[in-house]
Amino acid sequence: MTMIPVLEHWISDELLTMPFDQYQRYRVSAEAIFLLKQAAAASDQRWRILDVGGFFPPRNGVLPLQAFFPNDETLVVDTTDYEGVGYQQADGTQLPFDDQSFDIVLSCDTLEHIPLEGRNSFLAELRRVASRAVFLAAPHALANVATSEAMLRDYLGQLNMHNSMLNEHVQYGLPQSTLVEAWLQSEQLDYLAFESGYLPHWQLLMVLKHLLFRQHQRDAMHANFDALYNQRFYAYDQRGPGYRRIYLIATAGQLDVRLQTLVERSLRATPTDPASDLLSMVLPILTSTAYDTVLYQQTLDQKLLDLKAEHGLQIEKLDWLINVQRFDQDIADLQAEHRDLQRRLLDASVLAAQLEAEKRGVQAQLDQLNWQHTTLQQQFAASPIERLSRGLSRLLKGIRR
């Protein structure tokens, strides 16, 4: 059996920290393309590689395809609206390229997101623009794959989480290998088929990955988790029963016999490595424990919310009491102001009465002065004889008295 190489670039820190599911499908595609180049005596050539449906939020501006194939000319097309180097928005069922524009065309985990009626058109477009080969990878309706996905969806539902990609698998239905192979045979294309992503481990890791989404500092935890798995378990999990079925399709001629090593690797027996066996054994326990942990966390979160609500009510009561006290103080202040106004009004009334009395006294004095003034005027106006006569009259009146 031809040895499948391990290039130093594939186990660099940059690639190992990729999500394990993504790392799996791009590394196995890199292995397949390495063997294709070897078979074509083109190991040093710069091939044109197209990734259909391969958009993923880039890290440091680099898409997964570019990260795995830095020495080739790469282009990613997808329906996502994104502007970046090495990306073009396009529909996989109507690719805007000439025939045989690329050496290799990849499509990883995209076929299951295309409605059933469009899948043959999608496959035909991949074949049309590829001059050498098509690498097609996707979860298929293999034994236990649909069951594993259903269990994962139920588990996420219990955690009030969801995975839109898994939901689309239900909406469109997982691809059926019989239909894919019937199309390949009708087109008289040579191909190899093999499985990847050991299913029990895939299910376990998906449970744990979603559990990590609920943790603080989850980005660093995800990176460490993925790096550990990608480094230590990738090689063990390139076998069946797999989550993903892969087709390596020659678009012209026959595939080199050396590529059969990819199929032979996937047919190996379940690994007897103790660590790998342990992962399979503890899957039910870890799943249950993870669920219990989340339930406990939810209980704590609810208690915290209850405490916050109770604390909020206490604060509201305290605010109400403070407002009542402030209202009472405001009333007391108003009452004090009212009493002060009443006192001032009383003082003003007394002062007004005093002023009125003084006014009457002054008026009486004015009246007396006016009378005296009038009398004096009358006295000065009379003749001397009249004044003498009035004076004698007053004198006689006085004597008589």
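The values are calculated or read from the model by the stated rules, or taken from the named source; none is laboratory data. This one's a predicted model, so the numbers in the text were calculated from it and none came from an experiment. FYI the Cβ positions are ideal-geometry reconstructions off the backbone, even for glycines, and counts take in every protein chain you see.
If the requirement is being modelled with pLDDT under 70, among the polar types (S, T, N, Q) and assigned to a helix (DSSP H, G or I), which of these qualifies: Gln377, Gln363, Gln368?
On inspection, the qualifying residue turns out to be Gln377.
When you scan the stretch 55-145 for strands (runs of 3 or more DSSP E) that lie fully inside it, which ones turn up with 3 or more residues that are buried (at least 21 other Cβ atoms within 10 Å of the Cβ) and of a type in the set (Gly, Ala, Ser)?
By residue number, 130-139.
Does Ala90 satisfy the condition of being at pLDDT 95 or above, aliphatic (A, V, I, L, M) and in contact with a Phe, Trp or Tyr (Cβ under 7 Å, 6 or more places away or on another chain)?
No, not satisfied.
Filter the stretch 202-218 down to residues that are at pLDDT 85 or above and within 14 Å of Pro19 (Cβ to Cβ), then give me how many there are.
Total satisfying the criteria: 3.
So that you can scan it fast, the table gives a plain yes or no per residue for (1) assigned to a strand (DSSP E or B); (2) under 29 Å from Arg59 (Cα atoms); (3) of a type outside the set (Asp, Glu):
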| position | (1), (2), (3) |
| --- | --- |
| Thr147 | no, no, yes |
| Ala150 | no, no, yes |
| His162 | no, yes, yes |
| Leu166 | no, yes, yes |
| His169 | no, yes, yes |
| Leu179 | no, no, yes |
| Ala182 | no, no, yes |
| Ala193 | yes, no, yes |
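Kindly indicate which of Glu117, Glu125 is more than 27 Å from Met206 (Cβ to Cβ) and free of Cβ contacts under 8 Å to residues at least 12 places away in the same chain.
Sole residue among the options that is more than 27 Å from Met206 (Cβ to Cβ) and free of Cβ contacts under 8 Å to residues at least 12 places away in the same chain: Glu117.
Of everything in the stretch 54-78, what is in contact with a strand residue (DSSP E or B) (Cβ under 7 Å, 6 or more places away or on another chain) and closer than 15 Å to His9 by Cα? Give them in sequence order.
Once the filter is applied, which keeps residues that are in contact with a strand residue (DSSP E or B) (Cβ under 7 Å, 6 or more places away or on another chain) and closer than 15 Å to His9 by Cα, the stretch 54-78 yields Leu65, Gln66, Phe69, Asp72.
Counting only residues that are within 20 Å of the chain's Cα centre (by Cα) and modelled with pLDDT of 90 or more, how many does the stretch 57-81 have?
Within the stretch 57-81, residues that are within 20 Å of the chain's Cα centre (by Cα) and modelled with pLDDT of 90 or more number 2.
Among Asp44, Asp72, Asp98, which is in contact with a Phe, Trp or Tyr (Cβ under 9 Å, 6 or more places away or on another chain), of a type in the set (Asp, Glu) and over 28 Å from Arg218 (Cα atoms)?
The conditions single out Asp72.
Determine, yes or no, whether Ala182 is small (Gly, Ala, Ser) and under 18 Å from Arg25 (Cβ atoms). Break it down stepwise before answering.
On the way: small (Gly, Ala, Ser): yes; under 18 Å from Arg25 (Cβ atoms): no.
Against the criterion (small (Gly, Ala, Ser) and under 18 Å from Arg25 (Cβ atoms)), Ala182 does not qualify.
Just to be sure, is Met206 within 25 Å of Ser121 (Cβ to Cβ), assigned to a helix (DSSP H, G or I) and within 34 Å of the chain's Cα centre (by Cα)?
So Met206 does not fit the description; no.
Could you check the stretch 14-54 and list, in sequence order, the residues that are in a helix (DSSP H, G or I) and among the basic types (Lys, Arg)?
Passing the criteria: Arg25, Arg27, Lys37.
Among all residue pairs at least 6 apart or on different chains, which show Cβ distances below 8 Å where the first residue, located in the stretch 149-161, is over 18 Å from His201 (Cα atoms) and the second is exposed (fewer than 13 other Cβ atoms within 10 Å of the Cβ)?
Final answer for the pair search is Met161/Phe213.
Enumerate the pairs (first residue in the stretch 51-73 and closer than 17 Å to Asp21 by Cα; second residue anywhere and of a type in the set (Phe, Trp, Tyr) and at pLDDT 95 or above) with beta-carbon separation below 6 Å, excluding pairs fewer than 6 apart on the same chain, so at least 6 apart or on different chains.
Close Cβ pairs satisfying both conditions: Pro64/Tyr26; Phe68/Tyr26.
May I ask you to say which residue of Leu228, Leu199, Leu189, Leu184 is modelled with pLDDT of 85 or more and surrounded by fewer than 14 Cβ atoms within 10 Å (Cβ to Cβ)?
Leu228
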